[in-house]
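One structure below.
The values are calculated or read from the model by the stated rules, or taken from the named source; none is laboratory data. Treat the numbers as computed from the prediction; the structure is a model and nothing was measured. Using ideal geometry, Cβ is built from the backbone for each residue, glycine included, and neighbour counts are taken over all protein chains shown. Just the protein is used for accessible areas: all its heavy atoms, side chains included, with ligands, DNA and RNA removed. Shrake-Rupley method; radii C 1.70, N 1.55, O 1.52, S 1.80 Å.
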Amino acid sequence: MDPVTAALDRPVAPIARQGRYRLGFRPDIEGLRAVAVLTVLGFHAAVPFCTGGYVGVDLFFVISGFLISGLLLGSVADRGVIRLKDFYARRARRILPAAGVVLVVTAIGGLLLLPPLRQRDLAYDTIAAALNLGNWRFVANQTDYLAANTDPSPLLHYWSLGVEEQFYLLWAPLLLGLVLLARRLRRSPFPLVVGAVAAITLGSFALSVYWTGESRPLAYLGSPSRAWQFGVGAAVALVAPAAAGRFARPAGLVVRRVLGWAGAAAIAWSTVTFGPGTPFPGTAALLPTLGAAAVILAGTAGDTSPDAAGIGRFLGLAPIRAIGRLSFAWYLWHWPVLILAEARLGPLPWPAKLALVLASALPAWLTMRLVERPLRFSAAVAARPSRGLATGVTAMMLPVAAGLLLGSGAAHSMGTDSPTTVGQALVGAAEGPTLLAGPGGGATGGPVFPGPATAREDFPQLADCQVPPPAISSPKCLFGDTTSAHRIVLLGDSHAAQWFPAVAEVAKRRGWALEVLTKSGCPLPRITVQSPQLGREYRECDTWRDAALDRVAAGPRPELIVMSALNRYTADRAALARGWDYSLGRLGATGAPVVYLRDTPFAAKDIPTCLSGELANWSACAFPRTDGMLADPLAEDVVWGRRPALRMVDVTDVLCPPGDRCPAVLDGVLLYRDDAHLTNTAAALLSQRVARSLEVQGLVPVLP
């Protein structure tokens, strides 16, 4: 016996009075699990009137907080003991085997159904999920302003398991520490536990509200901002003994009914009225979280039969409980089935999604019957904690191995990133239908440069000069001859930043400086937008825009202002025109010529991922011209002479020549690093074309 356990085996003051209520099997909680999983399934299947179904995860968190805390507190109250090995062994055999099976099968499915580059992403996701760190990987992906607009991971839903496992990892040792401290102080641990639960719950909730206002992906996926929901469940476990005695009285029955149905109404209201635009979790998460707590508390009574008029009666029905027993495995299976199917078939309407989600109940049932329950209730495995822990470690290591194999195979299938003409320098054409100087290659398949994997990282070399969403100003960013009295200003969002190599070459060849003022996702016209990285209104963009325009106006008059912007921020042409009037008016007041680099074609799909599986046939990743050449009101204004002071450089004749489709590859060069941005290689090869256009318009001196 270890010293800590031996110390805890000595008598300790009870953590709470033991009333008639004892934490045991709760049919209503099994039914509440069914409600939780059905809301999540409905949301992921895009079922109408289930726009807030994501709150099902919140219900799971409250349930876990209640059950795990009740288990640990009951152990302390009865025996004064928390045996960590026993606790973790039970958790390991309860959760990890089924989760590991789904991870391995999903990796195999990805190998069969996904292109190599997406297989590589899935490999990383598999390893992170197996190590219960998936939520932090997805936080990094969703808050990375340079990340490609990639398709969703088949393992995205494992973020919630990561949060839950991190709760298990920290909560049990914390309670153990409080019990040891209480023993040293010769006091009951109850006040210490209540204080810890209150501090964690309130602190985490405050952090959740703050992060929801600053970075919604971090607030949604981060375990510190979700801990309060487990804390609410723990608080219910703390008050359960006292509540059980009161609810056993006649007046308590009425309270139980009101509490239970009010909690159910809160969950239903959240499911139906919440949506993607709801600031969540934040204060909005209070409604489903407290609703779940109310339902659980309403079922906390000394009797074993549910109240016939209470919500527990409904939740205890056999069909509902059957879904609750299946909920864990069903939650694990439904998302990979849906995402892998859409990877092969394309976007599906909600009835098809619902059919797939319902069909995923079959592998879920098999997993529950053949893996989850046999290992969970195995007498041989439960006999020794070491066996349960070994089962959990094995369930983690097998998916890690599967992820490593999947990633290795994906890298091998994509081959090397050698250019089509190895050893020869690539030179861009200044005019004509080809990207490269000289006759067109005419190839339709084979290796491309940069390769698909490298293209994802083929960004402009701007260091900190393309500022991230939280920034409100740009650092001093001068390139080329920084001592020159002549300078070009490159201004705009990431669609302006992508032209850095081309504009830098124009400045360099003339001995000028280049000042870069770019911010990701921030439109140069004065319009208010939402930031997908921050998950809220992009207030920092408005501040940065005015600061950037002030800097251009305050500095020496530039020789040229080059600007560009994504042309899909809003469909409101009137608002966009007013926004451009403001920004162009301020730029025009400097007296410098202003040129607009027309926005690039919109592929609407991740080109490197597509091409990683289609290197033999580049045309398979081309996209319709009618979809790619979206309306560009500012370009139209220039063409029709409605903005005579504004000049334009337009290279779409080479990026998307007349015809039915826009190419993904030209002359062996991969054009896009995601669904809309040029690779740095392609932008550099277009520098001669950009320079020629500026020279023809008299905007820069013609070089000999």
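What to note about this one:
- Any chance Pro532 is open to solvent by less than 10 Å² (accessible area, probe 1.4 Å) and more than 16 Å from Ala463 (Cα to Cα): no
- Count of residues meeting criterion [of a type in the set (A, V, I, L, M, F, W, C) and not in a helix (DSSP H, G or I)] in the stretch 532-561: 3
- Looking only at the stretch 405-424, and only at residues there that are in contact with a Ser or Thr (Cβ under 9 Å, 6 or more places away or on another chain) and modelled with pLDDT of 85 or more, the one that is surrounded by the fewest Cβ atoms within 10 Å (Cβ to Cβ): Gly407
- Of all residues in the stretch 76-85, none satisfies being in contact with a Phe, Trp or Tyr (Cβ under 6 Å, 6 or more places away or on another chain) and not in a helix (DSSP H, G or I).
Yes or no, residue by residue, for (1) in contact with a Pro (Cβ under 6 Å, 6 or more places away or on another chain); (2) farther than 26 Å from Pro470 by Cβ; (3) open to solvent by less than 10 Å² (accessible area, probe 1.4 Å); (4) of a type in the set (Val, Ile, Thr):
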| residue | (1), (2), (3), (4) |
| --- | --- |
| Asp542 | no, no, no, no |
| Gly555 | no, no, no, no |
| Ser564 | no, no, yes, no |
| Ala571 | no, yes, no, no |
| Ser583 | yes, no, yes, no |
| Leu597 | no, yes, yes, no |
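- Of the residues in the stretch 607-618, at least one is of a type in the set (S, T, N, Q) and open to solvent by less than 30 Å² (accessible area, probe 1.4 Å).
- Residues in the stretch 180-194 that are out of contact with any Leu (no Cβ under 7 Å at 6 or more places or on another chain) and open to solvent by less than 40 Å² (accessible area, probe 1.4 Å): Ser188 alone.
- Qualifying positions in the stretch 455-496 - without any contact (Cβ under 8 Å) to a residue 40 or more places away in the chain and either over 25 Å from the mean Cα position of the chain (by Cα) or under 21 Å from Val595 (Cα atoms) (or both): Pro475, Lys476, Leu478, Phe479, Gly480, Asp481, Thr482, Thr483, Ser484
- Helices (runs of 4 or more DSSP H) lying entirely in the stretch 280-384 (those with 2 or more residues that are touching a strand residue (DSSP E or B) at 6+ places or on another chain (Cβ under 9 Å) and hydroxyl-bearing (Ser, Thr, Tyr)): none
- Candidates are the residues of the stretch 619-629 that are out of contact with any strand residue (DSSP E or B) (no Cβ under 6 Å at 6 or more places or on another chain) and open to solvent by 60 Å² or more (accessible area, probe 1.4 Å); the one that is farthest from Asn567 (Cα to Cα) is Ser619.
- Hits in the stretch 680-704 - residues which are out of contact with any strand residue (DSSP E or B) (no Cβ under 7 Å at 6 or more places or on another chain), outside any helix (DSSP H, G or I) and among the aliphatic types (A, V, I, L, M): Val702, Leu703
- Residue within the stretch 603-624 that is more than 24 Å from the chain's Cα centre (by Cα) and β-branched (Val, Ile, Thr) present: no
- Any pair with Cβ under 6 angstrom, 6 or more apart, that starts in the stretch 631-645 at a residue that is closer than 12 Å to Asn567 by Cα and part of a loop (DSSP other than H, G, I, E, B) and ends at one that is open to solvent by less than 30 Å² (accessible area, probe 1.4 Å) and not charged (D, E, K, R): Asp632/Asn567
- Any hit, the stretch 443-461, residues being surrounded by 15 or more Cβ atoms within 10 Å (Cβ to Cβ) and over 25 Å from Asp121 (Cα atoms): no
- Flag for Leu103 being under 20 Å from Val239 (Cα atoms) and open to solvent by less than 30 Å² (accessible area, probe 1.4 Å): no
- Taken over the stretch 67-104, the criterion of being β-branched (Val, Ile, Thr) and over 22 Å from the mean Cα position of the chain (by Cα) is satisfied by Ile68, Val76, Val81, Ile82, Ile95, Val101.
- Residues that are within 28 Å of the chain's Cα centre (by Cα) and closer than 26 Å to Leu646 by Cα, drawn from the stretch 625-634: Gly628, Leu630
- Here Val272 clears all of (1) farther than 30 Å from Pro97 by Cα; (2) surrounded by fewer than 17 Cβ atoms within 10 Å (Cβ to Cβ); (3) more than 20 Å from the chain's Cα centre (by Cα); (4) at pLDDT below 95 except the condition numbered (4).
- Filtering Ala574, Ala616, Ala603 for residues that are farther than 24 Å from Leu478 by Cα and either at pLDDT 95 or above or touching a Phe, Trp or Tyr at 6+ places or on another chain (Cβ under 7 Å) (or both) leaves a single hit, Ala603.
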